[in-house]
Every structure is written in structure tokens, then in C-alpha cells.
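Novice: Structure in C-alpha cells, see below.
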């Protein structure tokens, strides 16, 4: 997590005029004061004594700091009890050593809808994340061949260099965004996990990604030397090799047009769905991808609320960028509450590593009093943290419940995809204050949008660069 934040922080410092505040930063770097300060060597603090080691310093040296700084009052005040909950009780899923959280979150959300549509409640229901994983890799590879051609055709400029650097670093990672999984599902449908289970490389994706990325960059070099009239045929040949390679790593996926039968247990009795195709099963689930929309809270002043944004050069199936509506945090919470009250689970993107207790699964500001223990201060706002890549979306999950006390929201129950041994039997808890500070994105049904938000979907979009902090869930 730290390495990811530092990588994006360094990008911020190296890129000029991408986000608000960069002009101030550039002005400071070019100032005489800064140049004078860089010429001086750092002097050793005169008031430090090597004989003065405190008991707190010794304790930190010998113990995990999260154990020393834990605020047990927060844990006591936040039991896993919730008085507003979506119906459905499912087995906790496990993405293992992969970055497929966005796919798990989506399919975990869909299974709530499916059981509601089918009027069943089976704890064992799980759709195949690997099926969507396969087609995302395939579609994304093709999209990034075309992204390269587009970027390579631009006039030489700093922007061209920045875009090329970005796609070289981020092209075939596991991460993704809502619009990306939505388009894959629309085109390829869904299948039960028993029909297309995880392979070794689905659960341990690093080496597969390295090999696919190496293939992609070699193909870029080939395309850069080819005549325009030969490009389409060349890409077709490249994609045939990609398809074959993906089968080696993930297995041959079910044919979208061929039928399958699916047997499962419900209340210890066998049930069967016959003559299903991936798209028929999607239709039967009751999930209509285009009825759902991504909504974010980005408080940076340069990104006004009730506006629809798109991230450039981020996509897979369609030549259309990933997008979302930006709203105030109070609206983000209201949309979440409205959905749960209507028995819909909520897809959520957040900074999962911020202010949490790993043993209890509770996420709350100051649950670990690092700053008090180390005598530090931190006055950064949510806007500051996004701007400097100190806190960015890093994980997608599903909110399934919330708790109120005297009509005041206290906490949220979150279904994770790290297995049942993590958190509280696989679930996490967000306090309401943590939600405000570290939740960035939700996916809800469009029927909950207000008039201004619906209008935002119809207006021209505003584009933001692919390295923007709010887009990091896809990296």
C-alpha cells in the first residue's frame, strides 16, 4: 500500500499543471529561496542526545506500532450489530493473491439481486470472477494496442510523454473500474463459479501479468514499425495469440453462445437451471448493467459537484473512457442509505488501508493513535490527501448494512473478498466518520439519482488524466 501511494505521490511531483496546486509547487521550486536551501547541507540537530531514548521509543522499536497505539474504546463502541441490512447471507469470497476486488465486488453485489429475482437464498451462490477476468484481460489488451497507436500519433510534447509513461506502467494490471466490468458483463454475461473456477494464475496473477505486459510492449514496437494499411490484420493476429495465452493461464472460458446446465443445492434439495448461456443467466439474474451508475466524492475545488467526469485512456471493451458523477459526501451517504433501505447492496471503492484495526476489521479515524504516540500532527483534509496521493481508492467491496442510533448513522457493514479469516468472519466495519474521509466511490441504481445528477449524465463530460489520484482503483 505504501509503495503504491509513494508511486502516485512521485507522479504528482513530476507532472506539471495536471491538478490544482501544481502551479504553486512549480513557483516554489523555481524560487530563489528553494534554490538557496538546496545548496545547504543538512546540519545535525544540536539538541539530540543519543543517551536520551525514551521508554515509548523502546516499545515502538520492539513491537508493532498498531498494537501499541490501538484505541480500544472505538472497538468497544462499534460492535458488529446493524439495524438496517440487505437480505441474503452468502459465503465470503476470496480473491487470493490477485487484484480482482472490483470483479468480486460486482459479482457479490449481483448475487444479492439474483437471489431476490429467483426468490431463493443459497449461501453457496458464487459467480465466476475468473470468467470476467479472462475477458477483461482480452479486451484490455486490445484496447491498449489502440491506445498506443493513438498516443504514438500525437505530436511530440510533454503530454505525449506522460501518456506513454502511464500506459507503460499501468496497461495490464489487475485493477479496474465499474464501467469496465459493466461493459464486460454486457458483452459476455455471467456464469456460475462451478462452471468456470479459478485457475492457479487467477489466484496468483503477478507472473501472468508480467508475461502479458511483455507481450503487449513487444506488440507496440511491432505496430510502431508497420504500415497503416497492415495494422488491422496485424492486431487480429496479435489477439489470436493473446487468446491462446489467456487459455493457458486461466482456462478456456464457456462459449457465450453455447448452453450449459447448472445444478446447485437449495435447502439441501437439488435445483437445476437448464439451457443457460452466459447472457441468459445475466438476464435471469435481474441485473441490468446500464441501470447502474458510478458516483464519487472528490472534494477538490477544480472538480465541481454534479458534473460527469471521464478518465482518459482507461477502458476495455468500448472506446469510451471510464466515468462517474461527482457529488458531495452527504449525497454519497444518502445514496448508500437509500439503496440499502430498498434491499440493494452497494458497491464501494475506498482507501482500505487507512486507519483500521486488522484484528477486529474496524475502520475508524484514530483507531490507532500513531500521531499521539509519536507526537506528530496531521491536518490534511480529504482534498489534501487526494491531491498529494496520500489517500486514494485502493479496494472495492460491498456495503450490506448500516446502523443508526436515534436516527444518526453510526457505522456500516462491509462484505470483503479476502476470505472469512480476515476481519470479522470476512466482514469489515466502517464508522460514519471513516466513510466521510476514506470512501471515494459507490455504484447505485440510477433511480436514486436526483434531478441535478440525472442532468449531469446528459451534459458534455469533463476529462481528467489517467494518472489522477481518484482513478487509482484501476491500477
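Novice: Any idea what the relative contact order of the stretch 276-409 is, in percent, if you count C-alpha pairs under 8 Å spaced at least 6 apart?
Specialist: Details: 132 pairs, mean separation 29.2, N = 134.
About 22 percent, as a whole number.
Novice: Follow-up question, since we're still on this one. Per residue, what volume in Å³ does the Cα convex hull of the stretch 336-455 take up?
Specialist: Each residue corresponds to 139 Å³ of Cα convex hull volume.
Novice: Using just the Cα positions, wrap the stretch 325-381 in a convex hull and report its mean projected area in square nanometres, one decimal place.
Specialist: 5.8 nm²
Novice: Kindly state, as a whole number, the per residue volume in cubic angstrom of the convex hull around the alpha carbon atoms of the stretch 388-475.
Specialist: Convex hull of Cα atoms, per residue: 148 Å³.
Novice: On the first, second and third principal axes, largest extent first, how far apart are the outermost C-alpha atoms of the stretch 211-368 in Å?
Specialist: 56, 55, 35
Novice: Ratio of the stretch 127-216's C-alpha Rg to 2.2 N^0.38 Å, to two decimals?
Specialist: Against the empirical 2.2 N^0.38 Å value, I get 1.24 for the stretch 127-216.
Novice: What would the Debye equation give as log₁₀ I(q)/I(0) for the stretch 39-97 at q = 0.14, 0.19, 0.21, 0.28 Å⁻¹, counting only Cα atoms as equal point scatterers?
Specialist: So the normalised log intensities work out to -0.80, -1.00, -1.04, -1.12.
Novice: Sticking with this structure for a sec: Mean projection of the alpha-carbon convex hull of the stretch 359-401 over all orientations, in nm²?
Specialist: 4.6 nm²
Novice: Give me the Å³ per residue figure for the convex hull around the C-alpha atoms of the stretch 157-281.
Specialist: Expressed per residue, the convex hull around the Cα atoms of the stretch 157-281 is 153 Å³.
Novice: Ranking request for peptides 291-304, 392-405: highest mean number of other beta-carbon atoms within 10 Å first, then the rest in descending order.
Specialist: 392-405, 291-304
Novice: Of (1) 26.1; (2) 27.5; (3) 22.3, which is the value of mean projected area of the Cα convex hull in nm² derived from the coordinates here?
Specialist: Read-out from the structure maps to (2).
Novice: Once you wrap a convex hull around the alpha carbon atoms of the stretch 288-360, what is its projected area averaged over all directions, in nm²?
Specialist: On the way: hull surface 29.7 nm².
Dividing the Cα hull surface by four gives the mean projection, 7.4 nm².
Novice: Highest first, please rank the peptides 51-57, 253-259 by the mean number of other Cβ atoms sitting within 10 Å of their residues.
Specialist: Ranking, from highest mean packing down: 253-259, 51-57.
Novice: Okay, next question. Compute the whole-percent fraction of alpha carbon pairs in the stretch 174-234 spaced more than 18 Å apart.
Specialist: 63 percent
Novice: If you count, for each residue, the other Cβ atoms within 10 Å and average over each peptide, how do 187-197, 95-105 line up from highest to lowest?
Specialist: In decreasing order of mean packing, 187-197, 95-105 become 95-105, 187-197.
Every number in this text was worked out from the coordinates using simple rules, so none of it is lab data. None of these values were measured; they are calculated from a predicted model. So basically every Cβ, Gly included, is an ideal-geometry build from the backbone, and we count neighbours across all protein chains shown.
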